[in-house]
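Let me give you the structure first, and then I'll get to my questions.
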Amino acid sequence: MSIPQSGGGLIEHDGQLAEYLASGCRPREQWTIGTEHEKFGYFLKDHLPLPYEGPCSIRAMLEGLRDRYGWMPVEEAGKIIGLSYKDGANISLEPGGQLELSGAQLHTIHETCDEVNEHLREVRSVADEIGAGFIGLGAAPEWTHDQMPVMPKGRYALMTRYMGQVGTTGTMMMYRTCTVQVNLDFASEADMVQKFRVALALQPVATALFANSPFFEGKDTGWQSWRARIWRDLDADRTGMLPFVFEDGMGFERYVDYALDVPMYFVYRDGKYVDALGQSFRDFLKGELPALPGEKPTLSDWADHLTTIFPEARIKRFMEMRGADGGPWRRLCALPALWVGLLYDQASLDAAWDLCKGWSAETREQFRHDAAKYGLRANVAGRSIRDFAGEVLGIAEAGLKARARPGAGGLVADESHFLSALQETVATGQTLSDELLAKYRGEWAGDLSRIYAAWSY
């Protein structure tokens, strides 16, 4: 999750909220790719999650990366809670100690994959020395809530309290799920709207293709993506498929209206998180926030608030795709390849929109459910998701070839080969969850502990 935002003066009029979003618009030649991925750390000796403190711990991992590879520490209340690097990348902690790389803004997926490989190499080198392992899954396969550590971040303490008051699965999401995401740019308000609609409507395609969380608390859940299932009952005020995005009049101001109605979590002041749980940013704009009476927000407060909204795709000053389970390294490169191929070439973007522009809100919501439940065995709008996903991948491949961004010193003509893992999934009809379930019911003979050796980085 995001680190506190900084900069930005006092909000003097409401129009600045939409202007903040619009300030992210960039010409096509400046578009970049920012990939984020999370992973679970565990003790090699017994497969339990890493605590924050101790010789084999999350803190030891952060300190090892800092000392060996030149990362700069990020601290809160005197404790290291993340790392930053000169190239714009940072490493942060999810509530249960999931280690997240938020990658730099790069121009090609070749660069993204190099970044991923370098990061995993660094993590592995430190982890091996302290007796830790890291695994790429959408949900923790065995751990209970009581076994999970709590990271020393004030934001998470407040969120944990609030999650107990709304929905039923919020703390499951916080402490026991992982994802891979990609952040992409838009050129204008109209470009944002078209991309946002495609991103939301087709997010379940990513959920199905990347399904990698069939287990939870040691059991087969019956869902291809238990991570996606968890998101369905988390907090209706800040999650979901956002039907208003598909209505006439959608734009930056309409998204602002939505965001203003999402209850607040906090305000960050002087290095501390001020409890504003359930309070209204609209009141904050009027100087009537109970948490800070008489004080009005800054643009950094608005930026912080936008990070507490969790729909299947969301906008800040860029667009974030949020529908995929965490997974093995090939999938960490495949996720940006999918969305760059669909959204960064206009012909592909138009073709993707043609696939889903006639869907109703009910169709989109059913697609979201069925992709998480059944993976590639589900249907959407009368078609099998497997066949539909194949068509989507064809559009993405065409988009990547049209971009024609070479790699490997010019030996690779474009970025389309990064889709190969997903194309194999469609060709076989077997998701990662299907592969795991086959092993669990077959050669593993119900011994889920074997997942760590088989699926770790």
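For segment 70-214, take the convex hull of the Cα atoms, compute a quarter of its surface area, and give me that in nm², please.
For the Cα atoms of segment 70-214, the hull's average projected area reads 11.5 nm².
Could you point to the residue in 351, 184, 203 farthest towards the positive end of the chain's charge dipole, with +1 and -1 charges on the Cβ of Lys/Arg and Asp/Glu respectively?
Of the listed residues, the answer is 203.
What area, in nm² and to one decimal, does the C-alpha convex hull of segment 190-329 cast on average over all directions?
Across all orientations, segment 190-329 yields a mean hull projection of 10.7 nm².
Excluding residue 36 itself, what net charge comes from residues whose Cβ is under 9 Å from its Cβ, given Lys and Arg +1 and Asp and Glu -1?
Result for the neighbourhood of residue 36: -3.
Nearest 0.05, what FRET efficiency do residue 346 and residue 23 give at R0 = 25 Å with Cβ-Cβ as r?
After rounding, the FRET efficiency stands at 0.65.
With the cut-off at 20 Å, report for segment 370-457 the share of all Cα pairs above it, as a whole percent.
53
Apply 1/(1 + (r/R0)^6) to the Cβ-Cβ distance of residue 450 and residue 420, taking R0 = 22 Å, and write down the FRET efficiency to the nearest 0.05.
In this case the efficiency is close to 0.25.
Here is a follow-up. On a full-extension model of 0.36 nm per residue, what is the gain between residue 244 and residue 330, subtracting their alpha-carbon distance, rounded to one decimal in nm?
Details: separation 86, 0.36 × 86 = 30.96 nm, distance 3.44 nm.
Gain in length upon complete extension: 27.5 nm.
Count neighbours as other Cβ atoms within 10 Å of each site's Cβ, and list the GluC sites (Glu not before Pro) in segment 212-255 that are DSSP loop with at most 10 such neighbours.
Answer by residue number: 247.
Let me ask something else. Any idea what the relative contact order of the chain is, in percent, if you count C-alpha pairs under 8 Å spaced at least 6 apart?
About 21 percent, as a whole number.
Diagonalise the Cα gyration tensor of segment 280-386 and give the resulting equivalent ellipsoid semi-axes, square root of 5 times each eigenvalue, largest first, whole Å.
In descending order, the three semi-axes are 36, 18, 15 Å.
Which length gain, in nm to one decimal place, applies between residue 124 and residue 85 when the Cα-Cα distance is subtracted from 0.36 nm times their residue separation?
Between residue 124 and residue 85, full extension yields an extra 12.2 nm.
Taking +1 at the Cβ of each Lys and Arg and -1 at the Cβ of each Asp and Glu, which of 429, 50, 259 sits farthest along the dipole of the chain towards its positive end, judged by Cα position relative to the Cα centre?
Farthest towards the positive end: 429.
Work the Kirkwood hydrodynamic radius out for segment 62-110: mean of 1/r over every pair of different alpha-carbon atoms, inverted, in Å.
When all Cα pairs of segment 62-110 are included, the Kirkwood radius is 11.5 Å.
Relative to the compact globular guide of 2.2 N^0.38 Å, what is the alpha carbon radius of gyration of segment 163-268, as a ratio?
Rounded to two decimals, the normalised Rg is 1.23.
What's the FRET efficiency of residue 428 with residue 282 using the Cβ-Cβ distance as r and R₀ = 41 Å, to the nearest 0.05?
0.25
Which aspartates and glutamates, if any, have their Cα less than 17 Å from the Cα of residue 439, not counting same-chain residues under 8 positions apart?
Leaving aside aspartates and glutamates fewer than 8 places away in the same chain, those within reach of residue 439 are 142, 220, 447.
To continue, here is another question. How much length would be gained if the chain were fully extended between residue 411 and residue 30, taking 0.36 nm per residue of separation minus their Cα-Cα distance, in nm to one decimal?
134.8 nm
Using the heavy atoms of the protein chains and a 1.4 angstrom probe, tell me the accessible area per residue for the chain in square angstrom.
37
Starting from the Kirkwood radius over alpha-carbon pairs of segment 313-449, derive D by Stokes-Einstein at 4 °C in a medium of 1.567 mPa s and give it in µm² s⁻¹.
The calculation lands on 78 µm²/s.
Still on this structure, please answer the following. Direction-averaged shadow area of the convex hull around the Cα atoms of the chain, nm²?
With every direction weighted equally, the projected area is 20.7 nm².
Let me check I have the definition right: for segment 1-102, take the eigenvalues of the Cα gyration tensor, multiply each by 5, take square roots. What are those semi-axes in whole Å, largest first?
In descending order, the three semi-axes are 33, 16, 14 Å.
While we're here: Determine which residues of segment 221-248 fall in the zone a paramagnetic label at residue 168 would reach in this model, i.e. backbone nitrogen under 13 Å from the point 7 Å along Cα→Cβ.
Residues 230-235 qualify, since their backbone N sits under 13 Å from the label point.
Also, I was wondering about something else. Residues of segment 262-287 with backbone nitrogen within less than 11 Å of a virtual label 7 Å along the Cα-to-Cβ line of residue 295, please, listed as ranges.
The answer is 267-276.
Taking N as the number of residues in segment 88-168, what value does Rg over Cα atoms divided by 2.2 N^0.38 Å take?
1.34
So how strong a dipole does the chain carry about its Cα centre when Lys and Arg Cβ are +1 and Asp and Glu Cβ are -1, to the nearest 20 debye?
For the chain, the charge dipole is close to 600 debye.
Calculate the dipole size of segment 97-196 relative to its Cα centre from +1 charges on Lys and Arg beta carbons and -1 charges on Asp and Glu beta carbons; express the result in debye to the nearest 20.
It comes to approximately 560 debye.
The values are calculated or read from the model by the stated rules, or taken from the named source; none is laboratory data. Computed from a prediction, not measured in an experiment: that's the story for all the values here. Cβ atoms come from the backbone with ideal geometry, glycine included; neighbour counts cover every protein chain shown. For accessibility, only protein heavy atoms count, side chains too; no ligands or nucleic acids. Shrake-Rupley method; radii C 1.70, N 1.55, O 1.52, S 1.80 Å.
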